[in-house]
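Beneath this line is the structure, given in structure tokens, with notes to follow.
The values are calculated or read from the model by the stated rules, or taken from the named source; none is laboratory data. Predicted model, so just to flag it, every value in this text is computed and none were measured. Methodologically, a virtual Cβ is constructed for each residue, glycine included, from the backbone with ideal geometry; neighbour enumeration extends over all protein chains shown.
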Amino acid sequence: MMSNYYESNAERYAAETISADMSEQYQRFLPLLKKGAKILDVGSGSGRDACYFQKQGYQVTALEPSKNLCREIRKVFFGEIVCSDIQSYQPTERYDGIWACASLIHLKEEEVLHFFEKIDLYLEDSGIIYVSGKSGISTGEVEDGRFFLEFTEQLVEKILTVNKQLQLEQLWYTEDVSGRRGFRWLNVVLRLRRNNS
């Protein structure tokens with residue numbers, strides 16, 4: 001479902017996003033994990049977050065569908081890189097945390113819901129997932145061929161409906177760290193509680 005945007009713009013995209021300041025989001029996510037926890041960085045992009053988590057002593061797997069971006073990640077990150085999209089990824093182990101920063105926004109709503117339906121393939125019991133997406137945009141294709149899904153509180157409610165084992169831990173909005181206007185980021189942390197029936 002991914003356009004060729006990231007293949008043709010990998011170097012530029014990595015250069016533009018590698019230094020974005022995500023410290024506020026890190027400060028909400030990492031304290032919920034134990035030291036040395038296993039993190040899956042979904043749609044790793046430039047490898048910025050994977051590098052940061054690795055430097056903090058976490059075991060990180062970078063998941064990125066674009067082959068050219070995987071090459072960019074390899075320049076900065078020394079952990080495992082899996083070149084795949086989340087829909088086809090078959091994890092061999094479960095993670096303590098999943099970091100999906102601005103990466104599920106290129107999926108259709110039903111693909112997002114399907115991912116959360118089977119999230120326990122990816123997450124340990126009481127594992128957490130951080131997800132962010134643009135709020136205040138129109139869902140659909142933009143000029144460069146990329147598809148964007150608007151992230152809304154209604155979407156979060158649907159996620160919690162398709163998987164009753166998920167609990168909402170935190171939901172907050174942030175301005176764009178690169179200073180772009182016209183939308184905000186919706187940030188969500190969910191926790192998986194197995195057998196909470």
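Taken together, the residues in segment 138-197 that are in a loop (DSSP other than H, G, I, E, B) and either of a type in the set (S, T, N, Q) or over 15 Å from residue 104 (Cβ atoms) (or both) amount to 24. In segment 61-68, the count of residues that are farther than 27 Å from residue 165 by Cα and not in a helix (DSSP H, G or I) is one or more. In segment 125-137, of all residues being assigned to a strand (DSSP E or B) and without any contact (Cβ under 8 Å) to a residue 60 or more places away in the chain, the one that is nearest to residue 98 (Cα to Cα) corresponds to 131. Considered as a group, the residues in segment 53-69 that are touching a strand residue (DSSP E or B) at 6+ places or on another chain (Cβ under 9 Å) and in contact (Cβ under 8 Å) with a residue 24 or more places away in the chain include one that is nearest to residue 7 (Cα to Cα), and that residue is 63. Being closer than 23 Å to residue 45 by Cβ and either in contact with a helix residue (DSSP H, G or I) (Cβ under 8 Å, 6 or more places away or on another chain) or of a type in the set (A, V, I, L, M, F, W, C) (or both) is a property that residue 130 has. Answer yes or no as to whether residue 115 is in contact with a Lys or Arg (Cβ under 6 Å, 6 or more places away or on another chain) and either surrounded by 15 or more Cβ atoms within 10 Å (Cβ to Cβ) or at pLDDT 95 or above (or both). For residue 115, the condition - in contact with a Lys or Arg (Cβ under 6 Å, 6 or more places away or on another chain) and either surrounded by 15 or more Cβ atoms within 10 Å (Cβ to Cβ) or at pLDDT 95 or above (or both) - is not met. Exactly one residue out of 126, 138 is of a type in the set (Ser, Thr, Tyr) and closer than 28 Å to residue 184 by Cβ: that is 138. The set of residues in segment 69-109 that are farther than 20 Å from residue 15 by Cβ and in a strand (DSSP E or B) comprises 80, 82, 95, 96, 97, 98, 99, 100. Can you spot a residue in segment 153-161 that is among the basic types (Lys, Arg) and under 24 Å from residue 61 (Cα atoms)? Within segment 153-161, none of the residues are among the basic types (Lys, Arg) and under 24 Å from residue 61 (Cα atoms). The listed residues are 13, 6, 26, and the only one of them that is surrounded by fewer than 18 Cβ atoms within 10 Å (Cβ to Cβ) and either of a type outside the set (D, E, K, R) or not in a helix (DSSP H, G or I) (or both) turns out to be 26. Filtering segment 74-93 to residues that are in contact (Cβ under 8 Å) with a residue 40 or more places away in the chain and crowded, with 17+ Cβ neighbours inside 10 Å leaves 85, 86.
Scanning segment 167-197 for residues that are farther than 16 Å from residue 137 by Cβ, in contact (Cβ under 8 Å) with a residue 24 or more places away in the chain and surrounded by 12 or more Cβ atoms within 10 Å (Cβ to Cβ) gives 167, 169, 170, 172, 177, 188, 189, 190, 191, 192, 193, 194.
Going residue by residue through segment 3-17, is there one that turns out to be of a type in the set (Gly, Ala, Ser) and over 28 Å from residue 145 (Cβ atoms)? The answer is no; no qualifying residue exists. For segment 94-112, residues that are crowded, with 19+ Cβ neighbours inside 10 Å and either of a type in the set (Lys, Arg) or farther than 20 Å from residue 58 by Cβ (or both) total 5.
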